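Participant: Could you have a look at this structure, given as structure tokens, before my questions?
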Amino acid sequence: MRKIIHLDMDCFYAAIEMRERPELREKPLAVGGAVDRRGVLTTCNYPARRFGVRSAMPTYLALRKCPDLVVLPTRFDLYRKESHRIREILLRTTRVIEPLSLDEAYLDVTADARPGTEIAETLREEIRERTALTASAGIAPNKLLAKIASDWHKPDGQFEVKESEVGAFIADLPVRKIQGIGKVTAEKLDHRGVKTCGDLQRYPAQELFGLFGKFGGELYELCRGIDRRPVEPDRPRKSLSTEQTFSHNLEDPEACREALDSLYAELIADLKEKARDRRIQKLFVKIKFSDFTRTTVERNGTAPDPRACRELLDDGLRRRRLPVRLLGVGVRFADEEAARQLELDFAGTPDRTG
């Protein structure tokens, strides 16, 4: 039986800022969106959440909910440095780690003889001692359940779903907890009286496939707590991106540009962290509008550029002229293996010019 841990740092960026400035620890604090107070928050601490402030919320709305909110600019170099320190701690336990972002990762600890709860507790304790930051963890037989479990006792807690408990745990779970089920899919299920995974289990695989296509086939297994995906530490990336879904739609292009600037800074930090040596083939901006239609605008190039990102954003916004629900920015990498093979093919071709 597999032992998978999903480790998730608690309000990571805000927690680092509170550690660096202890006088802010008890005050409502948010990170990101500080430029002209028109941007979008990247994260916030728990005192801010008591006022209804949430990550991905427009700054002006957060300040309306909490006038005393302290809004700080992002410092991705600092966050990346802390992420490196945490990664070093995790690597002393297992090499089978799949990072999801600067502040969360899956770990496969099946080969470790200790109980998964003990491993998670030890890791969280060491992170606290070495970084003065807290983490939450989920322990389960697969990635789906581990990720759900890590949110169960936040902040600074952990929760285990044992193999023998999967059936009972998943049956009462709201379908919205399944990764990939968003608002539209959830509403579609709700219209059919499906609110929990137990409700969804009553649908045959063929019917789910007819309703949702390929994702319907995945849903048939996921709603039963079945997830065969391995933890993939060395999975070659075809692309790297960062995105945010906004709790309130962005109504004007300038607000979109401010939000995109913050996402761009996070993308650059992720590139330095995860893909420093990869060759970039394309730059892209993704937009989901208020009517849930999507568009992606791409440009060939070798390096991300903030001006190019804004130009792609403007091109995308002209396609619908609607409020924006989600923004993303990312890069697509060149297929290095294909490029090497092409070079070999050319090297082996006889020269017929002479």
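The values are calculated or read from the model by the stated rules, or taken from the named source; none is laboratory data. Worth saying up front: this structure is predicted, and the values here are computed from it rather than measured. No Cβ is skipped: glycine too gets one built from the backbone with ideal geometry, and neighbour counts run over all protein chains shown.
Participant: What number of residues in region 182-200 are modelled with pLDDT under 85 and β-branched (Val, Ile, Thr)?
Facilitator: 2
Participant: Among Ile178, Ile119, Ile97, Ile148, which is the only one that is of a type in the set (Val, Ile, Thr), outside the structural domain of Lys272 (by TED's automatic domain parsing) and out of contact with any helix residue (DSSP H, G or I) (no Cβ under 7 Å at 6 or more places or on another chain)?
Facilitator: Sole residue among the options that is of a type in the set (Val, Ile, Thr), outside the structural domain of Lys272 (by TED's automatic domain parsing) and out of contact with any helix residue (DSSP H, G or I) (no Cβ under 7 Å at 6 or more places or on another chain): Ile119.
Participant: Then there's this: Only one of (1) closer than 30 Å to Asp261 by Cα; (2) touching a helix residue (DSSP H, G or I) at 6+ places or on another chain (Cβ under 7 Å); (3) in contact (Cβ under 8 Å) with a residue 24 or more places away in the chain is not met by Tyr60, so which one is it?
Facilitator: The single condition Tyr60 does not satisfy is (3).
Participant: Look through region 135-169, keep the residues that are of a type in the set (Phe, Trp, Tyr) and either in contact (Cβ under 8 Å) with a residue 60 or more places away in the chain or over 14 Å from Ile4 (Cα atoms) (or both), and return whichever of them is surrounded by the most Cβ atoms within 10 Å (Cβ to Cβ).
Facilitator: Here the answer is Phe169.
Participant: I would also like to ask the following. Could you list all residues from region 42-61 that are farther than 18 Å from Arg25 by Cβ and either at pLDDT below 90 or of a type in the set (D, E, K, R) (or both)?
Facilitator: Answer for region 42-61, where residues must be farther than 18 Å from Arg25 by Cβ and either at pLDDT below 90 or of a type in the set (D, E, K, R) (or both): Thr42, Arg54, Ser55, Ala56, Met57, Pro58, Thr59, Tyr60, Leu61.
Participant: Have a look at Arg19, Arg54 and point out the one that is over 12 Å from Thr74 (Cα atoms), charged (D, E, K, R) and part of a helix (DSSP H, G or I).
Facilitator: Selected residue: Arg19, the only one of Arg19, Arg54 that is over 12 Å from Thr74 (Cα atoms), charged (D, E, K, R) and part of a helix (DSSP H, G or I).
Participant: Here is a further query. Would you please name the residue that is farthest from Val231 (Cα to Cα), looking only at residues in region 135-146 that are of a type outside the set (D, E, K, R) and assigned to a helix (DSSP H, G or I)?
Facilitator: Leu145
Participant: Could you go through region 5-28 and let me know if any residue there is of a type in the set (Gly, Ala, Ser), in contact with a Phe, Trp or Tyr (Cβ under 8 Å, 6 or more places away or on another chain) and touching a residue at least 60 places away in the same chain (Cβ under 8 Å).
Facilitator: no
Participant: Which residues, counting only those in region 99-134, are part of a helix (DSSP H, G or I) and either farther than 23 Å from Arg2 by Cα or acidic (Asp, Glu) (or both)?
Facilitator: Glu118, Glu121, Glu125, Glu126, Ile127, Arg128, Glu129, Arg130, Thr131 - these are the residues of region 99-134 that are part of a helix (DSSP H, G or I) and either farther than 23 Å from Arg2 by Cα or acidic (Asp, Glu) (or both).
Participant: Show the residue pairs meeting these rules: Cβ distance below 6 Å; 6+ apart or different chains; first residue within region 250-270 and of a type in the set (Gly, Ala, Ser) and buried (at least 20 other Cβ atoms within 10 Å of the Cβ); second residue modelled with pLDDT of 90 or more and not in a helix (DSSP H, G or I).
Facilitator: Ala259/Leu327
Participant: Quick check on this structure: which one of Ala149, Ala186 is closer than 26 Å to Pro115 by Cβ, part of a helix (DSSP H, G or I) and not charged (D, E, K, R)?
Facilitator: Ala149
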